[in-house]
1. Could you tell me whether region 93-112 includes any residue that is within 20 Å of the chain's Cα centre (by Cα) and either among the aromatic types (F, W, Y) or at positive phi (or both)?
2. From the residues in region 107-134 that are touching an Asp or Glu at 6+ places or on another chain (Cβ under 9 Å), in a helix (DSSP H, G or I) and of a type in the set (A, V, I, L, M, F, W, C), which one is surrounded by the fewest Cβ atoms within 10 Å (Cβ to Cβ)?
3. Please enumerate the residues belonging to region 234-277 that are assigned to a helix (DSSP H, G or I), surrounded by fewer than 14 Cβ atoms within 10 Å (Cβ to Cβ) and either out of contact with any helix residue (DSSP H, G or I) (no Cβ under 9 Å at 6 or more places or on another chain) or of a type in the set (D, E, K, R) (or both).
4. Considering each residue of region 59-68, count those that are assigned to a helix (DSSP H, G or I), in contact (Cβ under 8 Å) with a residue 12 or more places away in the chain and surrounded by fewer than 23 Cβ atoms within 10 Å (Cβ to Cβ), and give that number.
5. Give the residues of region 210-219 that are in a loop (DSSP other than H, G, I, E, B) and either surrounded by 13 or more Cβ atoms within 10 Å (Cβ to Cβ) or free of Cβ contacts under 8 Å to residues at least 12 places away in the same chain (or both), sorted by residue number.
6. When residues of region 45-58 are filtered for being assigned to a helix (DSSP H, G or I) and buried (at least 17 other Cβ atoms within 10 Å of the Cβ), how many remain?
7. Checking L155 against (1) farther than 22 Å from L67 by Cα; (2) in contact with a Leu (Cβ under 7 Å, 6 or more places away or on another chain); (3) open to solvent by 20 Å² or more (accessible area, probe 1.4 Å), which single condition isn't satisfied?
8. Can you list the strands (runs of 3 or more DSSP E) lying wholly within region 159-209 that have 3 or more residues being open to solvent by 20 Å² or more (accessible area, probe 1.4 Å) and more than 29 Å from L252 (Cβ to Cβ)?
Amino acid sequence: MNGNNQNGRVALPTPPSRQRSTWPLIIIAALFIIVPFLTWYLTWFGRALSDEDVAAYLADEKNPRHLQHALSQVAERIERHDPQTKKFYPQVIALSKNPIAEIRKTSAWVMGQDNSSEDFHQALRELLNDSEPLVRRNAALQLVRFGDASGRPELHAMLEPFEVRSPLSGTVVSLLSPGSKVRAGGLLARIRDASGTVQEFRSPMDGAIEKLAVKEADTVNAGDPIIFLTPDRATVSDALRALAYVGTNDDLPIIDAYANNAANEAALRQAALEGAKSIRARNRQ
């Protein structure tokens, strides 16, 4: 018996503990930081582009984010009065005919930044006939910068409820209720077409549902009105400011209605009052 071990047991040496490598965890943690940063950085419109990148992005019609990034950079350069920016104008005008409505709308905004360009002026006038209301409205707003009142009917329409028409024939499956607020691209209704497929119908603009022209289970034809949207605050504000410059007597009744509606916020009523005042002052002159 070992006198040093009173229980008669042999003490075995303790194996050295293994230390796990922390590198995999560090790499994973770094990826969680780096990947979102790179995604944000590569899609952030504020990231400066070289002339070569702007030209390449404006030609990259397969990547709408590149198109929007380049257009925002062109607008920024116009604001800085960079004379070299004019070389991109033909590409900006070409994008006003892009099949994506958001690109056409952004192109209209960019063209409004240089009211000295007659090419931009003419391209904006063409956009007044666009199939998408937001493109038409943006073109009408930008034309005011050129002192051009040809978009006045569209500006007037921005103050009225918008009649949303069904894009297809079928049976109404579901509808948002009156009073619901929606954003452009938000779901308005679902319609079951002749094949039995339920199609989602989305809002063409921001606003609130004023009233419904149909109810669930009703049959509708393509082009039938189904919802009336009241304009959102930003749309009304933009239209009032624009009509202050190009509005006529025909616009006064609806502008006065906004000015006298106590339910409207004070800033909106004030904008309506100032718009009506400007129109009346022009009439007197």
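1. There is at least one residue in region 93-112 that is within 20 Å of the chain's Cα centre (by Cα) and either among the aromatic types (F, W, Y) or at positive phi (or both).
2. Within region 107-134, the match that is surrounded by the fewest Cβ atoms within 10 Å (Cβ to Cβ) is L134.
3. At the first step, the residues of region 234-277 found to be assigned to a helix (DSSP H, G or I) are 234-246, 249-260, 266-277.
Filter once more, keeping what is surrounded by fewer than 14 Cβ atoms within 10 Å (Cβ to Cβ): 234, 249-250, 253, 257, 260, 266-267, 270, 277.
Listed by number, the residues that qualify are A234, D250, P253, A266, K277.
4. So the first thing to find is which residues in region 59-68 are assigned to a helix (DSSP H, G or I), and the list is 64-68.
Narrowing further to those that are in contact (Cβ under 8 Å) with a residue 12 or more places away in the chain: 64-65, 67-68.
Those left that are additionally surrounded by fewer than 23 Cβ atoms within 10 Å (Cβ to Cβ): 64-65, 68.
Final tally of qualifying residues: 3.
5. So the first thing to find is which residues in region 210-219 are in a loop (DSSP other than H, G, I, E, B), and the list is 213-218.
Answer for region 210-219, where residues must be in a loop (DSSP other than H, G, I, E, B) and either surrounded by 13 or more Cβ atoms within 10 Å (Cβ to Cβ) or free of Cβ contacts under 8 Å to residues at least 12 places away in the same chain (or both): A213, V214, D218.
6. So in region 45-58, the residues assigned to a helix (DSSP H, G or I) come out as 51-58.
Going one step further and asking which of them are buried (at least 17 other Cβ atoms within 10 Å of the Cβ), we end up with 54, 57-58.
The total comes to 3.
7. Among (1) farther than 22 Å from L67 by Cα; (2) in contact with a Leu (Cβ under 7 Å, 6 or more places away or on another chain); (3) open to solvent by 20 Å² or more (accessible area, probe 1.4 Å), the lone unmet condition for L155 is (3).
8. Numbers: elements: 162-165, 170-175, 187-192, 198-202.
The strands (runs of 3 or more DSSP E) meeting that bar are 170-175, 187-192, 198-202.
The values are calculated or read from the model by the stated rules, or taken from the named source; none is laboratory data. Predicted, not measured: the structure shown is a model, and the values here were computed from it. All Cβ positions, glycine included, derive from the backbone under ideal geometry; neighbour counts span all protein chains shown. All accessible areas refer to the heavy atoms of the entire protein, side chains included, with ligands and DNA or RNA removed. Shrake-Rupley method; radii C 1.70, N 1.55, O 1.52, S 1.80 Å.
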